[in-house]
1. Distances from B:Ala15 to the same position in the other copies: list them in nm, one decimal, shortest first, using label points 7 Å from Cα along Cα→Cβ.
2. Which one of B:Phe118, B:Ala53, B:Val255 is farthest out on the positive end of the charge dipole of chain B, using unit charges on Cβ (Lys, Arg +1; Asp, Glu -1) and the Cα centre as origin?
3. Between chains B and A, what is the buried accessible area in Å², counting both sides, with a 1.4 Å probe and ligands, DNA and RNA left out, to the nearest 100?
4. If you put a point 7 Å past Cα along the Cβ direction, how far is that point for A:Asn195 from the same point in each other copy, in nm, smallest first?
5. For segment A:89-147, what is the accessible area per residue in Å², given a 1.4 Å probe and the full set of protein chains?
6. Above 22 Å lies some portion of the pair distances; for segment B:165-291, what is it as a whole percent of all C-alpha pairs?
7. On a 1.4 Å probe surface of the protein chains, which of B:Tyr244, A:Tyr45 comes out largest in accessible area, and what is the full order?
8. Among B:Leu146, B:Ala104, A:Leu81, which residue has its Cα furthest toward the positive end of the charge dipole of the protein assembly as shown, with +1 on Lys/Arg Cβ and -1 on Asp/Glu Cβ?
Number of protein chains: 2
Amino acid sequence: MELIEGNKIAASIIAELKTEVAHIEGRKPCLALVRVGDDPASVSYVKKKEKTAAEIGVTSRIILPPVTISQAELEALIDELNADETVDGILVQSPLPQPLDELAIFRRVNPGKDVDGFHTLNLGKIAQEDDTGFASCTPAGIMELLGRSNVDLRGKHVVVLGRSLIVGKPIALLALQKKAGANGTVTICHSATANLPEITRQADVLIAAIGRAHFVTADMVKDGAVVIDVGINRIPDESRKSGYRLVGDVEFDAVAPKTAQITPVPGGVGPMTVAMLMKNTVKARLLGPHI
Amino acid sequence: MELIEGNKIAASIIAELKTEVAHIEGRKPCLALVRVGDDPASVSYVKKKEKTAAEIGVTSRIILPPVTISQAELEALIDELNADETVDGILVQSPLPQPLDELAIFRRVNPGKDVDGFHTLNLGKIAQEDDTGFASCTPAGIMELLGRSNVDLRGKHVVVLGRSLIVGKPIALLALQKKAGANGTVTICHSATANLPEITRQADVLIAAIGRAHFVTADMVKDGAVVIDVGINRIPDESRKSGYRLVGDVEFDAVAPKTAQITPVPGGVGPMTVAMLMKNTVKARLLGPHI
């Protein structure tokens, strides 16, 4: 069993981006980070993104509207950022507090600045294999992890657990593309799937993205499979100061010995998501907003 | 074995639409049909669409640019139709002759008039389960065929053969939706799939859309499966005046006895595509162009 070290791979990408940004003449890429309210997880995610941006030489602009902001006010804020020629990428930290309409906000972002890849048009572009769009960061990060771990999906059976818009559907579309490294046969499973273990046991590459701690057990995994664990779940742990620890969707200790390669949680997919956000921001700076 | 009679089901939909259109006050729905050049298959498809429109009470406007039209001229023509408030739907008959850029033309159509459902935004909306968009006609027709034949995909394994933008990818996304009738577990196979028969034999519902005559043989199909044959292939037949006949992607005679339900070719999916085009056109008239 070989560990797919997301931290190391993300660090290489960040180093590459740093060099790339150093060579950009004139204005450096700028990422606007919009965080509504003070949800602790959101605070920590935005902090991490800001820190990584600084490391690369990407300017970040932090915007912190109060939790009471209205839909119309938030849309007006997005419109301003869309119009601002010094802003290359716009990220609205998810989840937005109720009653804000998250999908409407994601669609308000100029698709050419949608570095999170949540806009309808960018989702459609993944299906169309059009590289002028932005693939959402977690699925794009998974493809990078696989590619840099020498996992070629061609002729492989890729089983995706979860049909979310943020991970399940876009990773299925990416794995299916005709590009080098992709060309996988893809199955998408979810809460309504019957005989789930029978299907997951066929996976040469199993991607777990359902958000349930330790859902994937050893009997669900084929010997020699590659396992990508997208889950980030908090479970109580009295031995920690915080009172909890983070675990994935995969029962790592039991599953890992059966696999050829597996990602840990934390330190697997997570750091890749931030790295790909930065990659998209640099791409947005180079492409310009008019896609 | 029960035959899924596309002709009959399409006729019911057309009858429903006729009633719906009769109740529309004011201007009747109008479909612009753009056919570039004189490809015989395109001529016959456009004729069929025109005839069905007339039957329903949908106005059609036939536009026949010469095969020599430039990309810029064709885009200008689309822009005119986009701006024309008396046009609800725009269909550009595929395939466009070389060297026209078909995808660029499809994207030029106002998404709110894109009754063919080929625009990037409408593809993304299927993934987002947003019903304000237009699902492309063939996959939408397949979902209707299944629904009206009492095939509920929930808990079923749906295997799609083919990853095209027009059929394979959108039908996978539709089958996967959380709506009543959908919720299928979906596998997408294609030219790079290994052990294809092993996968197709797991299908409770097998959708063949690869465009190869008689590709699906009896040994690839499970007893009691539902088989949807999207293929329309010409094979030589000296007993016909035309010198050819149309066959599907499925070896019908050998496969049909094993199935619970199967579509014939012709008379299966084909007529549904035209019916769904009309359904989208009526929807466009009712929604207006501003989606």
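1. Once sorted, the set of distances for B:Ala15 reads 7.1 nm.
2. The listed residue farthest towards the positive side: B:Val255.
3. 2900 Å²
4. When each copy's label point is compared with this one, the spacings are 1.4 nm.
5. Working: 1600 Å² over 59 residues.
Here the residues of segment A:89-147 average 27 Å² of exposed surface.
6. In whole percent, the long-distance tail amounts to 44.
7. Values: B:Tyr244 75, A:Tyr45 105 Å².
Highest to lowest solvent-accessible surface, that is A:Tyr45, B:Tyr244.
8. My answer, from the dipole projection, is B:Leu146.
The values are calculated or read from the model by the stated rules, or taken from the named source; none is laboratory data. It should be emphasised that the depicted structure is a prediction, and the values quoted were computed from it without experimental measurement. Cβ sites come from the backbone with ideal geometry, for glycine too, and all protein chains shown count toward neighbours. Heads up: the accessible areas ignore ligands, DNA and RNA and are worked out on the full protein's heavy atoms, side chains in. Shrake-Rupley method; radii C 1.70, N 1.55, O 1.52, S 1.80 Å.
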